Amino acid sequence: MPAVNVVQAPEVEPFTSPSGLSVRPTLGPRTDFDALQQAVLECPPGRRASVSVPGDVEETLFVLEGEGRLHLRGETHALSRDIGVYLPPGSEPELENTGEGPLRLVAVRVPDPSPGPPMPASISRLDDQEVEQATTEREFRIVADPATGLRS
């Protein structure tokens, strides 16, 4: 496994995407890790911003804080803390911040998804997922896996 440079998101200088999202890359080429890309996204209150998922990656979003909506293919989905979103290759969703504070998400892109046809986008609540044991005193829940469409 390649070495990874660990970064703290607040210490990463953000850049602004063409649609107005603040983006703080925390894993990927800037950290010498090419297996996947991770960034913290922030959409300001009252704003809408598009996210473009290239045709050769799939993306999972996880809401850290805030409230909003995800607009995709004519459908609107509520976003709030602890919601996970699977986005297949080629997706063009739009985030809308409907809250008074920032809508903050973690975005993870897997550059080379497994072969096969992609599943449609899906929304998962963390509270609706089974609790699994990790190690002593730790547990986890999965919001994006093959059952929700993630092929990687």
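Restrict the check to the range 30-39 and report whether at least one residue is touching a strand residue (DSSP E or B) at 6+ places or on another chain (Cβ under 8 Å) and over 30 Å from residue 116 (Cα atoms). The answer is no; no qualifying residue exists. If you go through the range 53-75 one residue at a time, do you hit one that is assigned to a strand (DSSP E or B) and touching a Cys at 6+ places or on another chain (Cβ under 9 Å)? Yes, there is a match, as at least one residue in the range 53-75 is assigned to a strand (DSSP E or B) and touching a Cys at 6+ places or on another chain (Cβ under 9 Å).
Name every residue in the range 73-89 that is of a type outside the set (Gly, Ala, Ser) and surrounded by fewer than 18 Cβ atoms within 10 Å (Cβ to Cβ), in order of residue number.
Keep residues of the range 73-89 that are of a type outside the set (Gly, Ala, Ser), which gives 73, 75-77, 79, 81-83, 85-89.
Listed by number, the residues that qualify are 73, 75, 76, 77, 81, 82, 89.
Checking the stated criteria, residue 94 turns out to be touching a His at 6+ places or on another chain (Cβ under 7 Å) and surrounded by fewer than 17 Cβ atoms within 10 Å (Cβ to Cβ).
Kindly establish whether residue 106 is at pLDDT below 80 and out of contact with any Ser or Thr (no Cβ under 6 Å at 6 or more places or on another chain). So that I can check it myself, show each step before the final result.
Numbers: at pLDDT below 80: no; out of contact with any Ser or Thr (no Cβ under 6 Å at 6 or more places or on another chain): yes.
Considered against the rule, which asks whether it is at pLDDT below 80 and out of contact with any Ser or Thr (no Cβ under 6 Å at 6 or more places or on another chain), residue 106 comes out as no.
Of the residues making up the range 110-131, those that are at pLDDT 75 or above, outside any loop (DSSP other than H, G, I, E, B) and of a type outside the set (A, V, I, L, M, F, W, C) are 122, 124, 125. Counting only residues that are within 14 Å of the chain's Cα centre (by Cα) and more than 16 Å from residue 96 (Cα to Cα), which one in the range 9-27 is modelled with the lowest pLDDT? Filtering the range 9-27 for residues that are within 14 Å of the chain's Cα centre (by Cα) and more than 16 Å from residue 96 (Cα to Cα), the one modelled with the lowest pLDDT comes out as 27.
Here residue 4 meets each of (1) modelled with pLDDT of 95 or more; (2) among the β-branched types (Val, Ile, Thr); (3) exposed (fewer than 13 other Cβ atoms within 10 Å of the Cβ) with one exception, condition (1). The set of residues from the range 100-114 being under 15 Å from the mean Cα position of the chain (by Cα) and either of a type in the set (D, E, K, R) or loosely packed, with under 14 Cβ neighbours inside 10 Å (or both) comprises 104, 109.
The values are calculated or read from the model by the stated rules, or taken from the named source; none is laboratory data. This structure is a prediction, so every number in the text was calculated from the model and none was measured. As a convention, Cβ positions derive from the backbone with ideal geometry for all residues, glycine included, and neighbour counts pool all protein chains shown.
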